[in-house]
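Worksheet: one structure, shown below.
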Amino acid sequence: MMQSMLFKKRRTLSLRELLDQRVGCPLADPLICDMCGKCSEACPTQAISVSDRWSVDLGKCLWCGDCLETCEKGALSMAGGCEAAGRRQDLILSAETERSALRLKDETRKVLGRSLAIREVDAGSCNGCEVEVNSLSNPMYDLERFGIRMVASPRHADMLLVTGPVTRNMLPALMKTYAATPEPKLIAALGTCAISGCPFGNSYASGKGVSDVLPVDIFIPGCPPHPRTIIMALLEALGRLQVT
Amino acid sequence: MSEDGLEGIVKELRREIGEDLRHSGPWDRGMQCEVERSHLAGAVGTLIAKHGASMVSMHATDDRQSRGSFALHYLLSFPSKRELLMLSGETDGSFTSLTPQIYHANWYEREVMDMFGLVATGHPDPRPLVLHDGWYKGSHPLRKHIGCDDGLAPERRRYEFNVLKGDGVFEVPVGPVHAGVIEPGHFRFSAAGESILNLEVRLGYVHRGVEKCLEGAPPGRALRMTERISGDNGVAHSLAFCQAYEAGHDVPPRAQYARCILAELERVYNHLGDIAGLALDTAFAVPAADIYALREVMLGLNARITGHRMLWGAVTLGGTRDLLSEADVDDVQGTLMKVGNELRTSVERMRSSPSFMDRVDTTGIVEEKVARDLRVVGPIGRASGQDLDVRRDHPYEAYSKLNFRVPLFREGDVSARMNVRVQEVDESISLVMEALDRMPSGGGSSRPGPPRDGVHVGLVEAPSGELVHIIHTEGGKVVRHKVRDPSFCNWPAIQEAVLGDIVPDFPLINKSFSLSYAGNDL
């Protein structure tokens, strides 16, 4: 038994392997798309717009694939790249969009760049995002090798990783957690609910995402976000990696 | 035969209350009865006491526009009968509480009080369940005149915890923001030294207004929303909704098998995570890492065959997406064989460690009687002698054509709950293998029309237990969507399981329950 434990093959994905992993998002090929708008109607969260050109809002997308199913011409595919953004509007993608790099203030990078302590706060998620945040600690993704770790208390944290649309019942707890986190601190909105509130947000019981109540530094898209997207977002924001 | 049984029961009810049994008739899931309001509580009580019925779910509807009153609906199941009985009755401002006789009615009635403002008279614990301090002035969100996006006026009130007082007894408040990456909930312990004398669980932090949002939502949108009610049980929730919405529409045979395969793959990755969590919470790092790696293998497999790591988006109304090409079938078979074998090695390693067994044996016991009274479902119930499994008792999709065993243990401790999950992973793997073998070729999708007016039920065995979706439809539209997650039944049991155990064992017991906060709070 010892032998099987000692001579197990390495399972952790190398940085190269992570970079090569592709996490897609829906994107229309402008050469085929005739802007008929059927995908926009099929989208459960109105993430797709065809008003002047075809675009998708990754802050609202559920990655359900219903748009791909409806497109009769086959113009849609998961050819887009699912990458984090520093500004909300940078999550709206079309075939022509140039990705703008995610970069924090130099001062913040200097202080937090080498090691980052994260406190995760669930503010109304369905627990899908928690599944993927937990996946970050498994032997394949092993977030800690990058000097990034999950801590038990906001008082030890540099960053709050917030999931969920911010429910009315969680709002006081989220604000207290924010107050308990020492400066300088970062806020990351993780997943579609945290970014835009979709699909349950803006109801009598929940808000429209984290940026309504706290200053968000990083928007990490996905429903739930792929562990690869989360790792790349953190490394890029800290200036440890150029993601293009 | 069993149909006669249910009819016999209804006939007996008619003999007892005569004309006050206003209406009874067949229903796509069994029978449907409506009784006069003064007999409602009595009828449910009799059916449970005399005929061994159990309350699968209970909910209210606001029918004031169509019928001038609210209504209560009890969904009852009977031992050894596959049909269900839906017992309904009108009600106004108040109804008789059943909680003093039927313990598992407790949270249902508190939920109705919060969401509809109906008063359960005689309820021993009428405190709010879902709505926290600083909410609502006389507004109850599921009443019809309140819109999904209405901002409701706040009212200050203060929730009083049940607190034990005495020399040396102190309180330990935990949450809602926990130390680990888990969902939010508040636990209030009363402890003497390390021993837990009382635990009160307070939930509702992730209440998003799911049921209200689902009212009137177009079916395509509703399907994607149901996947996100409790993410790790997403396939089960979407299947339960599909079953209710499809109401009798025949799904193509290939899709029936494919849906079973998806549901079992979901069970496998959930159970792997729960078993790994037990190793992690007992600080047994090697098996924890090994089994978490297996879960990652399963998530990767999910992504390869459906494009989504948690299988969302694969189920469609009327079937599934085009899934499981020949190459995918090989992939699933190969991966599952490997996962099954490696899990066996890791579990062997855990069981052969005395320090691990010392932590899990006799820890967090749910007695059989407690499990029966609270109607604990799923793996937690099956670890405490509750032989319930929707796949066998109320077969759906292709389950009636597949062979599987339902593991059952009686010890009710952390170890038994782990054993149930370990054996269920094995069963699920063999189920998937069999389903892959027998899955016919052909199309996997169809287009069901909107369901006819009435009440439709979807009953599914989710990884965490029996899951119910009930929809009321009018003119093809869903006017009320009740969701009853298995965790809603199981949360009260954890308050009993921890008694006499020590506070440091709570995380382990909590992990062995693996309850969904999002599914409970809605």
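The values are calculated or read from the model by the stated rules, or taken from the named source; none is laboratory data. On a predicted model such as this, the values are computed, not experimentally measured, just so you know. Glycine also receives a Cβ, built like all others from the backbone with ideal geometry; neighbour counts cover every protein chain displayed.
Quick check: anything in region B:343-356 surrounded by 15 or more Cβ atoms within 10 Å (Cβ to Cβ), under 19 Å from the mean Cα position of the chain (by Cα) and farther than 23 Å from residue B:261 by Cβ? No - not one qualifying residue is present in region B:343-356.
In the set A:115, A:125, A:49, only one residue is over 17 Å from the mean Cα position of the chain (by Cα) and surrounded by 15 or more Cβ atoms within 10 Å (Cβ to Cβ); that residue is A:49.
Within region B:159-186, the set of residues being within 14 Å of chain A (Cβ to nearest Cβ) and not in a loop (DSSP other than H, G, I, E, B) comprises B:173, B:174, B:186.
Only residues that are facing chain B (nearest Cβ under 10 Å), outside any loop (DSSP other than H, G, I, E, B) and under 27 Å from residue B:128 (Cβ atoms) were counted in region A:155-184, giving 9. Quick check on region A:185-194. Is at least one of its residues surrounded by 24 or more Cβ atoms within 10 Å (Cβ to Cβ) and in a loop (DSSP other than H, G, I, E, B)? No, the conditions are met nowhere in region A:185-194. Picking from residues in region B:154-167 that are more than 16 Å from residue B:114 (Cβ to Cβ) and surrounded by 10 or more Cβ atoms within 10 Å (Cβ to Cβ), the one that is modelled with the lowest pLDDT is B:163. The condition (being within 13 Å of chain B (Cβ to nearest Cβ), hydroxyl-bearing (Ser, Thr, Tyr) and farther than 20 Å from residue A:47 by Cα) is satisfied by just one residue among A:115, A:137, A:125, A:77: A:137. With respect to being of a type outside the set (S, T, N, Q) and modelled with pLDDT of 95 or more, residue A:162 fits the description. A Cβ distance below 7 Å, combined with a sequence gap of six or more or placement on separate chains, defines the contacts here; from region B:445-471, residues that are farther than 16 Å from residue B:239 by Cβ reach residues that are acidic (Asp, Glu) in the pairs B:453/B:474.
Output the residue which, of all residues in region B:187-213 that are outside any strand (DSSP E or B) and among the small types (Gly, Ala, Ser), is surrounded by the fewest Cβ atoms within 10 Å (Cβ to Cβ).
Looking only at region B:187-213, we keep the residues that are outside any strand (DSSP E or B), and these are B:193-194, B:203-213.
Subset that is among the small types (Gly, Ala, Ser): B:193, B:204, B:209.
Details: B:193: 11, B:204: 27, B:209: 27.
Looking at residues that are outside any strand (DSSP E or B) and among the small types (Gly, Ala, Ser), I get B:193.
Can you say whether residue A:69 is part of a loop (DSSP other than H, G, I, E, B) and either touching a residue at least 60 places away in the same chain (Cβ under 8 Å) or on the phi < 0 side of the Ramachandran plot (or both), as far as the supplied structure shows?
Numbers: part of a loop (DSSP other than H, G, I, E, B): no; either touching a residue at least 60 places away in the same chain (Cβ under 8 Å) or on the phi < 0 side of the Ramachandran plot (or both): yes.
No, not satisfied.
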